[in-house]
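A short write-up of the structure that comes next.
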Amino acid sequence: MDDRTLRFRILATSDLHGHILPVDYATGVPAMTGLATLARKIRGLKDDHSVLIDLGDALQGSPLMSFHEANRKHYPNPLAQVMNYLDYDYFVPGNHDFNFGKDYLFAFQDALTAKTLCANILHADQQQPIGSEYEVVQLSGGPKIAIIGITTHYIPVWERKRNIAGLSFLDAFSETKRLVAELRSREQPDLLVVAYHGGFERDLDTFAPYIDDTGENQGAKMLQEIPGIDILLTSHQHRLIARKVNDTMVVQSGANGNWFAQIDCHFQRIDLRWQLEDITAELHDAKNETPDTNITEMLAKIALATEVFLDEPIGTVPKDDMRITDGFLARLQKHKIITLINKVQMEKTKAMISAASLGNSVTGFSRVITTRNVMSTYVFPNTLVVVEIDGKRLKQALEKNAEYFVVVDGKLESNPRFSFPKVEHYNYDMFDGIEYTIDASRAFGDRIIRLNYQGKVVQDEDIFTLALNNYRASGGGEFSMYRGLKVVKEINMDIAELLTEYIRKNKRIIVKDPHNIKVIGGRM
């Protein structure tokens, strides 16, 4: 490479969800995963003409980070330590980074040597963003790079109000469009990058919609309607993407510390101007990598404390029938774990009905229940909300859930829409307190053929109290029928904490499943 050519490199992680160390927290055994496993390759690729950026959803999602959040006075933030060690340059907050509260997020930002980029989340009183809107990098003797940070503005729909109090959220698309135009005009960068914590609402080949366009994901709209974006770094949907769409390089690098992206931008100097000649992108995975021992040693103390906490016995079950070995069957046949979660929610809230779901990948309980079992079974950072709902909206919610099943060649299967573009099996809820039948052979919207409460057919005008998590109560997962319902009660404890409290109190957990849900229309 001579003085007329130059390569600029972007290294990007996204949706780490607290997965730092090479361990499977469900079992406690080593696993080739986590930022520590990617670290050696990242360090080997980073040089003076490169930047390392994280696209958000970094903090929440692992027992390590949950343990730190509860014990933050005793340990430095482990993710901040590792990101500083790897010399991250930029951090874009994601929606899940608010799950532990804005103060936790801001303390994390303060601990980072990386600069936070976030143009559209503002301190409401000052109307100042919580990070810089953008960064302009002028390489020594080389091209000028502009990087815009933007976050899905859908956060207030999901997040607990107290966690985002005092913040305002501007439309991600509108702010991106404004900043791209301003920077192209004022700074005239040789490369413009948008780092967006959000994904795609449309197919990238046909631009046909494949999810409801709620505004949660606006990546396709950005590609179609904002000229001048050279690279669109995305996240949120946990997809693996590294491809050109029209003239824009589009990248998304998976989740949970299993992948990172490398984008190389090749420039040539013509007269006094640097010209972008080509952009290439590839995704690197954690397989066959060796974890960085500097990181494992750095976090040894909090890692050990986390494992001790996770292995604490809190109760027992009489039979070995609380494990979840098949996620689809657990939903089709309503696993006893769901009955237990709903039982706990109804006892705590005194609600008439309860709804709960299973995470995409969960373990269930061993004969001896440990804290690890609970945290690897109820994996969400949710609290409880009780709403007042009439029979009409209750049936609408059940019809929405009934879309989870399809019949293929006479066999019941999960709807592919719950696996792509994002794996969202957690958006299928199962209810207790009512009895109902789903006929999966019928058209969407007309599948609930039986709905009873205490032996009586539910009428549209009947009124119930319903316990469900705060994400769903806000309409998350495209459950618009829950929005605007009267909130009867809020329980500001994590549901995983409520489960742990219940198991500690009762010790021996016996679950009698009422078998109140039937799914018909195909064979199992």
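The values are calculated or read from the model by the stated rules, or taken from the named source; none is laboratory data. Keep in mind that what you see is a predicted model, and the values were worked out from it rather than measured. Neighbour counts are summed over all protein chains in view; Cβ atoms, including those assigned to glycine, are modelled from backbone coordinates with ideal geometry. In case anyone asks, the SASA skips ligands and DNA or RNA and just uses the protein heavy atoms, side chains included. Shrake-Rupley method; radii C 1.70, N 1.55, O 1.52, S 1.80 Å.
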task = Return the residue satisfying two criteria in turn: it lies in the range 405-414 and is open to solvent by less than 50 Å² (accessible area, probe 1.4 Å) and in a strand (DSSP E or B), and of such residues it is nearest to D326 (Cα to Cα).
result = S414
message = If I filter the range 45-91 down to residues being small (G, A, S) and assigned to a helix (DSSP H, G or I), which single residue comes out as farthest from V194 (Cα to Cα)?
response = A70
task = Using the structure shown, decide if I211 is closer than 15 Å to A281 by Cβ and open to solvent by less than 40 Å² (accessible area, probe 1.4 Å).
result = no
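Only one residue in K348, K336 is in contact (Cβ under 8 Å) with a residue 60 or more places away in the chain and within 18 Å of F464 (Cβ to Cβ). Which one?
Unique residue meeting the criteria: K348.
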message = within 21 Å of D57 (Cβ to Cβ), at pLDDT 95 or above, in a strand (DSSP E or B) and not hydrophobic (A, V, I, L, M, F, W, C): is that true of Q268 in this structure?
response = no
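Going by the conditions given, is D87 in contact with a strand residue (DSSP E or B) (Cβ under 8 Å, 6 or more places away or on another chain), open to solvent by 40 Å² or more (accessible area, probe 1.4 Å), at pLDDT 95 or above and not β-branched (V, I, T)?
Working: in contact with a strand residue (DSSP E or B) (Cβ under 8 Å, 6 or more places away or on another chain): yes; open to solvent by 40 Å² or more (accessible area, probe 1.4 Å): yes; at pLDDT 95 or above: yes; not β-branched (V, I, T): yes.
Here the answer is yes, as D87 does meet what is asked.
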inquiry  = I'm trying to understand the selection: among the residues of the range 274-295, which are aliphatic (A, V, I, L, M) and either more than 17 Å from L45 (Cβ to Cβ) or open to solvent by less than 40 Å² (accessible area, probe 1.4 Å) (or both)?
reply    = L276, I279, A281, A286, I295
ask   = Which strands (runs of 3 or more DSSP E) does the range 106-205 wholly contain that include 3 or more residues that are open to solvent by less than 10 Å² (accessible area, probe 1.4 Å) and under 21 Å from N246 (Cβ atoms)?
value = 144-151, 191-197
inquiry  = Looking at the range 233-260 only, could you name the residues that are buried (at least 22 other Cβ atoms within 10 Å of the Cβ), over 21 Å from D24 (Cα atoms) and of a type in the set (G, A, S)?
reply    = S235
message = I'd like to check something: does the range 19-41 contain any residue that is in a loop (DSSP other than H, G, I, E, B), open to solvent by 20 Å² or more (accessible area, probe 1.4 Å) and acidic (D, E)?
response = no
task = Confirm whether P291 is more than 30 Å from H266 (Cα to Cα) and in contact with a strand residue (DSSP E or B) (Cβ under 8 Å, 6 or more places away or on another chain).
result = no
query = When A355 is evaluated against the numbered criteria (1) open to solvent by 10 Å² or more (accessible area, probe 1.4 Å); (2) closer than 25 Å to V519 by Cα; (3) of a type in the set (A, V, I, L, M, F, W, C), which criterion, by number, is the only one it fails?
reply = (1)
ask   = Filter the range 308-338 for residues that are farther than 20 Å from S361 by Cβ and part of a helix (DSSP H, G or I); which is least open to solvent (accessible area, probe 1.4 Å)?
value = F309
remark   = Residues of the range 2-18 being in a loop (DSSP other than H, G, I, E, B) and either surrounded by 24 or more Cβ atoms within 10 Å (Cβ to Cβ) or touching a residue at least 12 places away in the same chain (Cβ under 8 Å) (or both), in sequence order, are D3, R4, S14, D15, L16, H17, G18
query = Condition test on T280, is it more than 30 Å from N246 (Cα to Cα) and either more than 27 Å from the chain's Cα centre (by Cα) or hydroxyl-bearing (S, T, Y) (or both)?
reply = no
